[in-house]
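Undergrad: One structure follows; several queries about it will come next.
Bear in mind these aren't lab numbers, they're just calculated from the coordinates by the rules spelled out. What you are looking at is a predicted structure, and each value in this text was computed from that prediction instead of being measured. Heads up, the Cβs are rebuilt from the backbone with ideal geometry, glycines too, and the neighbour counts pull from every protein chain shown.
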Amino acid sequence: MQINAKTRSEFGKHNKPLRKQNSLPGVVMEKAKPSLPVTLGFVEFSKVYKDAGETALIDFALEGINFKVLISEVQLNPMSLKPIHAVFRKVDLKEKLTAQIPVEIVNEELNPLIKAGEAILLKLLSEITVEALPSDLPKEFIIDAVKLINIGDEIKVADLEYNRAKVEISEYNANEPVAKLDKVEEMKIEEEIAPALTEEEALAKVTATAELSDEEKAKREEEKKAEKGEKDKAKSDKK
């Protein structure tokens, strides 16, 4: 894969005309050196980025000078999601580097539990940091959903397939889960419906409520009479 580029002198708002000309502004980063502004073809970059991602080596041709780069970062238009700026990292093929390798899940539609709607595959790590020579970087870590058979089954870092002689994963414990087959929890909303009352039960309930109200009234009336009696007695004692 190759990208052809030219040095760029336009910056900031002056990059808008470049984009209208179907060109993409970018920069090349190199260790211990200033960044180098460049411009490249939008269509060419889009095709290369689709195949290479951020982990595959790319031949970078800059006005007669060729070197290897990795795509380090791509800025997207928030509305169209099309690239509007790219950052490339110039690499030394003999020097190990650190990179973020994406985790990809395949064959979810072939997993019996997922097909039946009984399970969901959770991706617990979206990318994994590795250290390797640029030419030895894996493009991605593939997780086959078919290999997860029972609810609770996990794919751990130790289960990932890669060249252990050339690629090192040091930031994660070997037992760190990368993906897990989890049960689908159905949210059931149960409404409590009171049983319908018969005519006799409804009448009895109304009568009981009425009787209770009469009792309450009588009780309050007696309390008032008692209170009045105590006041009258107090007045008589004073006399």
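Undergrad: Report Rg (one decimal) and Dmax (nearest whole number) for region 1-91, counting Cα atoms only, units Å.
TA: When restricted to the Cα atoms of region 1-91, Rg and Dmax are 12.2, 36 Å.
Undergrad: Over 20 Å between Cα atoms, which of LYS90/LYS139; LYS139/LYS180; LYS33/LYS94; LYS90/LYS123; LYS6/LYS90 qualify?
TA: LYS139/LYS180; LYS90/LYS123
Undergrad: Hey, rough spin-label estimate for VAL184 and GLU109, points 7 angstrom out along Cα→Cβ, what's it come to in nanometres?
TA: 1.6
Undergrad: Could you pull out the pairs from LYS16/LYS50; LYS20/LYS47; LYS16/LYS68 whose alpha carbons sit more than 20 Å apart here?
TA: LYS16/LYS50; LYS16/LYS68
Undergrad: How would you classify region 1-51 from its alpha-carbon gyration tensor, with a ≥ b ≥ c the square roots of the eigenvalues: rounded for a/c under 1.5, else prolate if a/b is greater than b/c, otherwise oblate?
TA: oblate
Undergrad: Read phi for every residue in region 177-184 and hand back ³J(HN,Hα) as whole Hz from Karplus 6.51 cos²θ - 1.76 cosθ + 1.60, θ = phi - 60°, with x for Gly and Pro.
TA: Computed from phi, the couplings for region 177-184 are x, 9, 8, 9, 8, 10, 6, 7 Hz.
Undergrad: From the mean inverse distance of alpha carbon pairs (Kirkwood) and the Cα radius of gyration, derive Rg over Rh for region 1-152.
TA: That ratio is 1.08, to two decimals.
Undergrad: Mind checking the full-extension length gain between SER135 and ARG164? Use 0.36 nm per residue of separation minus the Cα-Cα distance, one decimal, nm.
TA: 9.0 nm
Undergrad: Using θ = phi - 60° and the Karplus form 6.51 cos²θ - 1.76 cosθ + 1.60, what ³J(HN,Hα) does each residue of region 42-58 get, whole Hz, x for Gly and Pro?
TA: Residue by residue, region 42-58 yields 5, 5, 4, 5, 4, 5, 5, 5, 4, 7, 8, x, 10, 10, 9, 5, 10 Hz.
Undergrad: Just to verify a number: FRET efficiency for LYS94 and LEU122, C-beta to C-beta distance, R0 = 30 Å, to 0.05?
TA: 0.15
Undergrad: Starting from the Cα gyration tensor of region 50-94, take the square roots of the eigenvalues, sort them a ≥ b ≥ c, and report rounded, prolate or oblate (rounded when a/c is under 1.5, otherwise prolate if a/b is larger than b/c, else oblate).
TA: prolate
Undergrad: Near the amide H of ALA179, under 5 Å away, which other amide H atoms are found, from residues 5 or more places off or on another chain, if H is placed in the peptide plane?
TA: Counting only residues 5 or more places away or on other chains, the set is LEU124, ILE155.
Undergrad: So what are the ³J(HN,Hα) numbers for region 105-110, from phi and the Karplus equation (6.51, -1.76, 1.60; θ = phi - 60°), rounded to whole Hz, Gly and Pro as x?
TA: After applying 6.51 cos²θ - 1.76 cosθ + 1.60, I find 9, 10, 6, 4, 5, 9 Hz.
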